[in-house]
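One structure below.
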Amino acid sequence: MTTFFAPHAWLGDGVTSNVRITVHSGRISAVETGALQPDDVSLPGLVLPGFANTHSHAFHRALRGRTQESGTFWTWRERMYAVAGRLDPDSYFALARATYAEMALAGVSAVGEFHYLHHAPDGRPYADPNVMGQALRAAAREAGIRLTLLDACYLAGGIGRPLSGVARRFGDGSAAAWADRVGALTPDEHTVIGAAIHSVRAVPRDALPVVVEAARGRSLHVHLSEQPAENEQCLAAYGVTPTQLLADAGALSENTTAVHATHMTDSDIALLGGSAGTVSICPTTERDLADGIGPSRRLHDAGVAITLGTDQHAVIDMFEEARALEMHERLATGQRGRFSPAQLVAALTGHHALGWPDAGRIAPGRRADLVAVRLDSVRTAGADPAQAVFAASAADVDTVIVDGRVIVSAGRHVLGDIAALLRAAIDPL
Ligand SMILES: [Zn+2]
């Protein structure tokens, strides 16, 4: 049993000063206010609940700082496919371990990995057809964060087009074969097995109900209307928007997380709200890929829970994602205060979208996920703790505790030099 003392802690919807948080067997057993006691472990600054990164493709980290010459989303995708073609289980593990450790340094305690790089380069399954997913599990375990493996059904190279080239690695041939393979994966204390529909481009309409059935009771994620071209192709092929297509297939529920939801009609927003679903907004990716600014506040008003993801990892800084949620709204609407600091912290801690409903709050009985953020750095000095989310960056994260285990201390990860791990993983690719 350990008691941590926080000068400031985020309890409920705001900041409380002089908080003692007692942790026992990975859970928070008591939260009380009071002075620092001799046996307490003192944390600096502001202590927040651990962050949930609800959308990740770990291997995209290899593209950071390498695709910025010019081009579109679709030319970026060609570069991404080139990396995807070179990875094997060992290099996938090494890259994911370093990327997840970078996330831990940014305060992430659980990640939703949208995993579609399943098979060997020629498209044939490995001897263990889940070896790539197992590499991600091992990577998260070593990096000290929890994993929700969102294994993605990916059957087509566009509506009505077969998979070709590198994309053959993504496909199982049929939704039933995908469900069989994913059915062999078992959860554990640190891993939730979820499911994903890659997109309406990659999963034909008649296959959607098979995925929905296999995913029943689990987290189900889907890329939705990231680019206008997806909407146009879906309308041309099926006569409905991607959101309507998913709704008709029964794919929208309180277990569903729509990723991006950038180009949405009024009725799309109402459908997502009516299903009590969640969205994963990935602001730094959406601006990097010139996707556009989605209707985040309107989704929130319709009853959709907002969470955040770093997606392709052009940036891994959850504070930057949270701020961007508000700042992009300001640019799009000409209004400030579209999301309050408390709403941004709620978006940072969307563990429910990853199947960890017992994480995301500093309260008795919850998982002991804590992030201590310095309030004495050049970025944060002088900031009101209640508004620190508007000042802090990943570089201000001092201590990260996941399920009661300290994995980052004084800004250092238990695996050591993470920049060196990233270099070693990316250089050979
Ligand atoms: Zn994505």
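No lab work stands behind these numbers, since they all come straight from the coordinates. Note that the coordinates shown come from a computational prediction; the quantities given were computed from them, not determined experimentally. Every residue, glycine as well, gets a Cβ built from its backbone with ideal geometry; the counts of neighbours run over all protein chains shown.
Here the stretch 211-232 is scanned for amide nitrogen atoms under 20 Å from the site 7 Å beyond the Cα of ALA276 along Cα-to-Cβ, giving 212-213, 215-222.
Legend: translational diffusion of the chain by Stokes-Einstein, Rh = Kirkwood radius over C-alpha pairs, 10 °C, 1.306 mPa s; D = 73 µm²/s. Taking other C-beta atoms within 10 angstrom as a stand-in for reagent exposure, LEU429, LEU271, LEU95 fall in the order LEU429, LEU271, LEU95, fewest first. With contacts taken as Cα pairs under 8 Å at a separation of at least 6 residues, the chain carries a relative contact order of 21 percent. Backbone amide hydrogens, once placed in the peptide plane, bring LEU252 within less than 5 Å of nothing, excluding anything fewer than 5 places away on its chain. Considering only HIS115, HIS221, HIS300, give the residue with the highest GNM mean-square fluctuation for the chain, with springs between Cα atoms whenever their separation is below 10 Å. Sorting by GNM fluctuation, first place goes to HIS300. In this calculation the C-beta distance from ARG205 to ALA82 is compared with R0 = 45 Å, giving a FRET efficiency of 0.90. Of the residues GLY350, ALA322, VAL406, the one whose Cα sits farthest toward the positive end of the charge dipole of the chain, with +1 on the Cβ of Lys and Arg and -1 on the Cβ of Asp and Glu, is VAL406. Counting other Cβ atoms within 10 Å as a rough exposure proxy, the listed residues ILE401, ILE426 run ILE426, ILE401 from fewest neighbours to most. Report note on the peptides 331-339, 312-320, 178-186, 96-104: ranked by the mean count of other C-beta atoms within 10 Å, highest first, their order is 96-104, 312-320, 178-186, 331-339.
When only Cα pairs under 8 Å and 6 or more residues apart are kept, what is the percent relative contact order across the stretch 1-137? All intermediate terms of the calculation are to be shown ahead of the outcome.
Details: 181 pairs, mean separation 29.5, N = 137.
Reported as a whole number, the value is 22 percent.
Relative to the present Cα-Cα distance, how much length would full extension add between ASP39 and ASP301 at 0.36 nm per residue of separation?
On the way: separation 262, 0.36 × 262 = 94.32 nm, distance 4.55 nm.
Full extension from ASP39 to ASP301 adds 89.8 nm.
With both labels modelled 7 Å from their Cα along Cα-to-Cβ, the ASP13 to ASP188 distance reads 4.0 nm. Cβ-to-Cβ counts within 10 Å put TRP74, TRP10 in ascending order as TRP74, TRP10, the fewest first. Overall shape: prolate for the stretch 294-344, with the ratio a/c of the largest to smallest alpha carbon gyration tensor axis at 1.5 or above and a/b above b/c.
Taking each residue as 0.36 nm, the span from ALA332 to ALA138 lengthens on full extension beyond its C-alpha to C-alpha distance by 65.7 nm.
Within the stretch 1-160, the proportion of Cα pairs with more than 24 Å between them is 50 percent.
Before anything else, pin down the relative contact order of the stretch 56-200: Cα pairs under 8 Å, at least 6 apart, normalised by residue count, whole percent.
Numbers: 217 pairs, mean separation 36.8, N = 145.
Across the stretch 56-200, relative contact order equals 25 percent.
With θ taken as phi - 60° and the Karplus curve 6.51 cos²θ - 1.76 cosθ + 1.60 applied, the whole-hertz 3J(HN,Hα) list for the stretch 41-57 is 8, 8, 9, x, x, 10, 9, 10, x, x, 8, 9, 8, 8, 8, 9, 10 Hz, x standing for glycine and proline.
Here's the picture: charge each Lys and Arg Cβ at +1 and each Asp and Glu Cβ at -1 in the chain, and of ALA392, LEU246, GLY12 the one pushed furthest to the positive end of that dipole is ALA392. Looking only at the chain, where both bridge partners belong to it, what percent of the DSSP beta bridges are antiparallel (to the nearest 5)? Antiparallel: roughly 45 percent of the beta bridges in the chain.
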